[in-house]
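We did not get these values from a lab; they are worked out from the coordinates using the rules stated. What you see is a predicted model; the values in this text were computed from it and never measured. FYI the Cβ positions are ideal-geometry reconstructions off the backbone, even for glycines, and counts take in every protein chain you see.
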Amino acid sequence: NHKAFIFDLDGVIVDTAKFHFLAWRKLANDLGFDFTEEQNEQLKGVSRVESLKRILKWGNMELSEDEFQRQMAMKNENYLSYVNEMDDNEILPGVRKVLDYLTEKNIPFALGSASKNARPILKKLNLYDKFDAIVDGTDVSKAKPDPEVFLIAANKLNTPPHQCVVFEDSVAGVQAANIGNMTSVGIGDSDVLNEADHIFTDFTEIKIEFIENLLRK
Ligand code: B16
Ligand code: MG
């Protein structure tokens, strides 16, 4: 039976994915090209450095190391201008109900995010103190689909990976959970996330019975 839960941040707890898209798209446009929302799917769950590498490839561009760093910093500044406007109204529908249930039942849960901005974002959402552990882009060296971020989280929750459930909106994140031998729950489009063990469009579709079932088996 499952004993602990791990939540991705962007696209699961909060829709910062839309802000990442806007900020990356501005960067591409400023460099003279564009990319599609479909291509953007491949950036979800992927680290900042890796995201920029992919985007530059789409635009057939190469940047010097200095310029690469400068573009990344500008993207983050632009992204944070959106983040700074956020408050707890931005917590995605249905998420709080699940977190409150886990808290009430004393079931441990962690954050497992690729984002280096995860801690300040959780603070803005007033969720920082709710998590038993937080593992983010500042704690890992390998990006999803490497399972490192989730394995560290499982370890911090003192729970073996096969007893952990991971909620993820990205293909890379679902793969990371699967490779890490955890139960994966995809949040989003079932065609995109077809590798997940369970798939829901969003958290409003997740009933407490589903969580109780995972705890039983
Ligand atoms: P940052 P997650 C990921 O967060 C995002 O999905 C991805 O689009 C972003 O590039 C990555 O964090 C790094 O974010 O630039 O804030 O360090 O989905 O793993 O919570
Ligand atoms: Mg995500």
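For the chain, averaging the sequence separation of C-alpha pairs within contact (under 8 Å, six or more residues apart) and dividing by the residue count gives a relative contact order of 28 percent. Across all Cα pairs in the chain, the calculated P(r) in 5 Å bins from zero up to the longest distance comes to 1, 7, 16, 20, 20, 16, 10, 6, 3, 1, 0 percent per bin. Set the Förster distance to 41 Å, then compute FRET efficiency between N158 and F33 from the Cβ-Cβ distance, nearest 0.05. Efficiency, rounded to the nearest 0.05: 0.30. For q = 0.35 Å⁻¹, what log10 I(q)/I(0) does region 1-42 give under the Debye formula with an equal point scatterer on each alpha carbon and no solvent? Each listed q maps to, in turn, -1.16. Evaluated at 10 °C with a viscosity of 1.306 mPa s, what Stokes-Einstein diffusion coefficient in µm²/s does region 150-194 have when Rh comes from the Kirkwood expression over alpha-carbon pairs? D, rounded to a whole number, is 152 µm²/s. Calculated mean residue ellipticity, 222 nm, the chain: -12500 deg cm²/dmol, from DSSP H runs (n ≥ 4) at -39500 (n - 2.57) each, averaged per residue and rounded to 500. Which angle from 0 to 90°, rounded to the nearest 10, does the C-alpha axis of helix 48-58 make with the longest principal axis of the chain? Approximately 50 degrees, to the nearest 10.
Taken over region 91-217, the ratio of Cα radius of gyration to 2.2 N^0.38 Å equals 0.98. With all pairs of separate Cα atoms included, region 1-106 yields a Kirkwood hydrodynamic radius of 15.6 Å.
Of all lysines in the structure, the ones whose alpha carbon falls short of 19 Å from that of K105, not counting any fewer than 8 places away in one chain, are K3, K97, K130, K156, K207, K217. In sequence order, region 155-169 has phi-based couplings of 4, 5, 8, 6, 10, x, x, 5, 9, 9, 10, 10, 9, 9, 9 Hz under the Karplus curve 6.51 cos²θ - 1.76 cosθ + 1.60, θ = phi - 60°, and Gly or Pro positions carry x.
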